[in-house]
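Peer 1: The structure is given below, and queries will be raised subsequently.
Derivation of every value follows stated rules applied to the coordinates shown; laboratory data play no part. Remember, predicted model here, so these are calculated numbers, not experimental data. Ideal geometry is used to build each Cβ from the backbone, glycine not excepted, and the neighbour counts take in all protein chains shown.
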Amino acid sequence: MMDMSTINSLAPVQDRASGSDRFRSSAQVLPLPEGLYLASVKPSGQPLRVVNGVGFPAVQISSIPQPGTLAPSFLTKGELAPVVWLSGMDEAVITVPAGSAPLLITNYLYGPELQKCPDLEIKRLNRITTAPAVGLSVHIHIQQQGERHFNAGEWAASDEPFWIEALRVEVTPAVGQLLQYHVPGASSSDGHWTPAPGRLGNPGGAPLAGIAFRLLPPLANSHRVVYGARFLRHGEITGTDGEPCRSPQAQDPMIAVRVAIVPR
């Protein structure tokens, strides 16, 4: 269980009384990763001052709106709210979604000037299980140039119009042999599917005439494979989930290929 405590030094920004008792506040921005958290104010030994039904010292927790972010939610005293106010022994459960806006924690004090801000403790209640990485790298053998490797989504090709003689794909353990590929023939049923990291073609041999990739379950249930190929005369052809990329022109060698596995 992750334990985070934030003790905010007092930075007076407000003064609403001329006597010895004054309102003061200070703020802090706290980004949190996705998860479920418990926020509580630790006992400070300071007497709770009640003003108009509100206990001080107190902490207000909200979020800072930002474009493209989601707001966290707060559950306290059985109710969900976009803002929570904690004083005394109050607690709140904070749900932080992925891509959440950061928290804005504001301390409020009322009393003598020499006063300590509340000690807010935030504990993580759960652990986000990180999905295994789904990645790959493409290794091709290029006519007259030898083997080169490229990252997922990059065009694997020479700087010159040399054809690809062989291809293999290295994958992360989460992918394994669930990624397969082949050189499609004249019909969609032609060509044996080779599981990663097997090799298609032979270095120094004939150029590859095309390419197709597919995923097997269970990975295919959550991801799809997208790819493309470029041919010397015909140009670019794209495909997804087993569709053949092959030039309609005879004797048109493949000179570039790219592939990536993406979530559905």
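Peer 1: Beyond 22 Å, how much of the Cα-Cα pair distribution for region 136-263 remains, as a whole percent? Don't skip to the end; give the middle numbers.
Peer 2: On the way: 2115 of 8128 pairs.
Here the tail beyond 22 Å accounts for 26 percent of pairs.
Peer 1: In addition: How charged is the neighbourhood of Ile261? Take every other residue with its Cβ under 14 Å from the Cβ of Ile261, and add Lys/Arg as +1 and Asp/Glu as -1. Walk me through the intermediate numbers first.
Peer 2: On the way: positive: Arg214, Arg224, Arg258, Arg264; negative: Glu154, Glu170, Asp241.
Within the 14 Å Cβ shell, the charges total +1.
Peer 1: In region 136-263, with Lys and Arg counted as +1 and Asp and Glu as -1 at Cβ, which of these residues, Ile140, Pro173, Pro248, has the Cα nearest the positive end of the dipole, that is, farthest along it?
Peer 2: Looking along the dipole axis, the top candidate is Pro173.
Peer 1: Same structure, new question: Lys77 to Arg264: FRET efficiency via 1/(1 + (r/R0)^6), r the Cβ-Cβ distance, R0 51 Å, to the nearest 0.05?
Peer 2: The computed FRET efficiency comes out at 0.80.
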